[in-house]
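As structure tokens, the structure follows; a few thoughts come after it.
The values are calculated or read from the model by the stated rules, or taken from the named source; none is laboratory data. Note that the structure is predicted; figures quoted are calculated from it, not measured. Backbone-built Cβ (ideal geometry, glycine too); neighbour counts: all protein chains shown. For the accessible areas, the whole protein counts, side chains as well, though only heavy atoms, and no ligand, DNA or RNA atoms are used. Shrake-Rupley method; radii C 1.70, N 1.55, O 1.52, S 1.80 Å.
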Amino acid sequence: MEISLEQITLESVPSLSKKGSTLSILRLDKVHPVVSGNKWFKLKHYLAEALEAKKNTIASFGGAFSNHIVALAYACKELKLASVGFIRGEAAGSITLKDASEAGMQLHYISRNDFCDKNQLKNLYHQPNWYWVNEGGYGSTGAKGASTIFEIVNLNSFTHIVCAVGTGTMMGGLIEAAYSHQKIIGISVLKNNFSIEAEVKFLLNKQDQPFTILYDYHFGGYAKHTPILLNFMNELFLSEALPTDIVYTGKLMFAVNDLVEKKYFGDDANVLVIHSGGLQGNRSLAKGKLVF
Ligand SMILES: *Cc1c(COP(=O)(O)O)cnc(C)c1O
């Protein structure tokens, strides 16, 4: 595994910028094809902690097309740690999980019901030499890792930072690292998960940074999608060579485009969009739905 931060680029997005606000996109998706985007940043301190504590196995949770699970499997393989994934529901057979398994991850399939109670699962499977990482890497250790995303970009000139929000861990890290004049806008990819704001705040040391979460771009809920979203993603790829995924970054870019059209950012805005990586969700689609 070559995690190479040098491959991350800051790119302009001409087709969106010409509609008004100046827009740049930070291509975290270029870090690594599997340990993609924000996952590497969120995981790195957990992995360091596990090694420090002399644990030999990392255990975590996720769904069938989880960027987090497959990234963890690869990262553990690289670090010569064992990995265990607890997988929600009827997930067996996904190509993402096949990759995770081939990277050495041991998979346990858990009914949707049992999956809800993570503490019970942790107790049930407890091993002294296991290190547990929350689903999606949620937690202040993950946020601390995500805050280092801004070490690779000269941040000062941006007025707004826009990112996708799943667990809110990445957003928490970005809020911690942002300047006080910057506004952070999160695009929630889950439906009506209004508790996310408190979950983000819980991760913060800093309480005075303005941030907003927008709830209107979920397209029906987590991993749900519509022909409008897929069309948008295809057009974006054809015009900008920018690959996005149906779960996170497709919705993010759709939202950014919509907000630019609505003049949400204002005239002098200089907007930084975080391409947080992971295209695993697209592997759940039938062939031919996407042009990339
Ligand atoms: C996991 C993931 C997110 C969400 O990150 P959180 O820290 O859970 O909010 C966003 N984008 C991509 C591509 C992801 O894989």
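The table for this structure:
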{"read-out": "Radius 10 Å from Cβ of A75, net charge of other residues (Lys, Arg +1; Asp, Glu -1)", "value": "+2"}
{"read-out": "The stretch 112-201: chymotrypsin sites (Phe, Trp or Tyr not before Pro) falling in loop per DSSP and having at most 14 other Cβ within 10 Å", "value": "Y179, F194"}
{"read-out": "Selected from I228, L204, I149, residue furthest toward positive end of dipole (the stretch 129-269; charges at beta carbon)", "value": "L204"}
{"read-out": "15 Å beta-carbon shell around N282, net charge (K/R +1, D/E -1)", "value": "+2"}
{"read-out": "Rounded tilt (10° steps) of 249-261 against the dominant C-alpha axis of the chain", "value": "20 degrees"}
{"read-out": "Positive-end residue of Y109, T249, L10, charge dipole of the chain with Cβ unit charges", "value": "Y109"}
{"read-out": "Aspartates and glutamates with Cα under 19 Å of K122, excluding same-chain neighbours fewer than 8 positions away", "value": "E49, D114, E135"}
{"read-out": "Formal net charge of residues neighbouring A269 (Cβ-Cβ distance under 10 Å; K, R +1; D, E -1)", "value": "0"}
{"read-out": "Aspartates and glutamates with Cα under 16 Å of K19, excluding same-chain neighbours fewer than 8 positions away", "value": "E235, E240, D258, E261, D267, D268"}
{"read-out": "Solvent-accessible surface ranking, highest first, for C163, C116 at 1.4 angstrom", "value": "C116, C163"}
{"read-out": "Gain upon complete extension [T9, K287; 0.36 nm per residue less C-alpha separation]", "value": "97.2 nm"}
{"read-out": "Accessible area (Å², 1.4 Å probe, nearest 10) - E11", "value": "50 Å²"}
{"read-out": "Contour excess over end-to-end distance, with Cα ends at Y125 and A198 and 0.36 nm allotted per residue", "value": "23.3 nm"}
{"read-out": "MRE, 222 nm, helices only [DSSP H, n ≥ 4, -39500 (n - 2.57), over the chain, to nearest 500]", "value": "-10000 deg cm²/dmol"}
{"read-out": "Charge dipole magnitude, Cβ of K and R +1, D and E -1 - the chain, Cα centre, debye nearest 20", "value": "460 debye"}
